[in-house]
Amino acid sequence: MPIKQIDPKILDEIVEKMIDTVGKSKDEIFQIGESCRNDVGQIYEELKQIKELVNRVIDEEEKLDREVRSARKRLSEVSMHFNNYSEEEVRDAYEYAHRMQMKLTMTRQLEKQLRERRDELERRLVGLKEIIERSDRLVSQVTVVLNYLNGDMKNVSEYIQDAKEKQEFGLKIIEAQEEERKRLSREIHDGPAQMLANVIMRSDLIEKISRERGMDEALLEIKNLKKTVRDALYEVRHIIYDLRPMALDDLGLVPTLKKYLQTVEEYSGTAKITFSNIGLEKRLDSQMEVALFRLIQESVQNAIKHAKANVIQVKLEIMEKQIVAVIRDDGIGFNPEETKEGSFGMRGMKERVELLDGELKIDSKIGKGTRVMIRIPLNKDD
């Protein structure tokens, strides 16, 4: 029975539909996250108002409690010496005590309602934060899928027909991924960051704080606001750097690695990272430099996040015909045979190295740390 021929254009149409569907899903997930962020801002504002109102109600409750005790004492005195007071004085004492008791009861009920509302808002806040975290994680995962689909996979039929060398195909995929990272980096760098939403909300309250609590409280809020802005700016720069180290294009692999590892060491606060280059300090093909940077970056991040390493050693050796990178850590280690093959980070590293006709070797034992060795052959053009 003859095999039916498949028109390559059909594959392109399928990929186009996938890109459209995944792109719409990403936008919907992003909108859900943004909606939740807006709700979180409103809840924070309402929580602040409720906490202030609770404090005022508690003060009022304490005042009423004193007045109720005084009114009861007065009523007890009038009752004991009934004949010494007129009927109107007795009635006034009773009505005043009753009125104060009712006010105290209503105030306590209001405090209870406010506390219940506060607890409800705090529960909603926890739920919204979980949704935001999940939506951010899903957007990142969907973005990875779109990077692949919008890259060379978009014209998969042409590569099925024309691709001859595995390394060339791999470098083109990596190039498409890095172009997407450049675009995202420019958008984040030039546009407003979502992390500043809280700063905007708090800045609107400074005038109110100055009016209601005085200038000292307002100055304290401004001081806290400055710290928040500095932290937000640092986070934005950190995200931009992770997306695309701008120095990589200008300075090359070795200087960029030095700067990156120094930044990671300062940011982690716990890991001591050393870097040594014992080979040639020469520029490589830009996509080869990107691939090597990402592989070393992934290894270092794994050592910090998963291995909880205190000491990380990165050694790079650029030779005429090959590049060797070794990353060692003193972390908790793991059993490579028990590691799930679906582990996204390790699988991605393995695929990158294979696409470059290279070799990835991971040696690790529980409690003995991990050693990652990456060996990539160099062509004359590199």
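Each value in this text was obtained by applying a stated rule to the coordinates, not by laboratory testing. Given the structure is predicted, the values throughout are model-derived calculations rather than measurements. Don't worry about glycine lacking a Cβ; one is built from the backbone with ideal geometry, like all the others, and counts go over all protein chains shown.
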Once V199 and Y96 are pulled to full extension, the length gained, defined as 0.36 nm per residue separation minus their Cα-Cα distance, is 32.2 nm
List every residue whose amide H lies under 5 Å from the amide H of L284, counting only residues 5 or more places away in sequence or on a different chain, with H placed 1.01 Å from N in the peptide plane.
L253
At q = 0.11, 0.15 Å⁻¹, what log₁₀ I(q)/I(0) does region 1-114 have when each alpha carbon counts as one equal point scatterer in the Debye sum?
-0.66, -0.84
Which residues qualify? For Q322, with a placed amide H closer than 5 Å and at least 5 residues away or on another chain, they are L378
The simple spin-label model distance between D249 and E13, using points 7 Å out along Cα→Cβ, in nm, is 3.8 nm
Of R74, R347, R328, how do they rank once you tally other Cβ atoms within 10 Å and put the fewest first?
R347, R74, R328
Tell me, what ³J(HN,Hα) does each residue in region 19-31 have, in order and in whole Hz, if you take phi through Karplus 6.51 cos²θ - 1.76 cosθ + 1.60 with θ = phi - 60° and put x for Gly and Pro?
4, 4, 5, 5, x, 5, 4, 4, 4, 5, 4, 4, 5
For every other residue with a beta carbon closer than 11 angstrom to the beta carbon of S268, add +1 if it is Lys or Arg and -1 if Asp or Glu, then tell me the sum.
+1
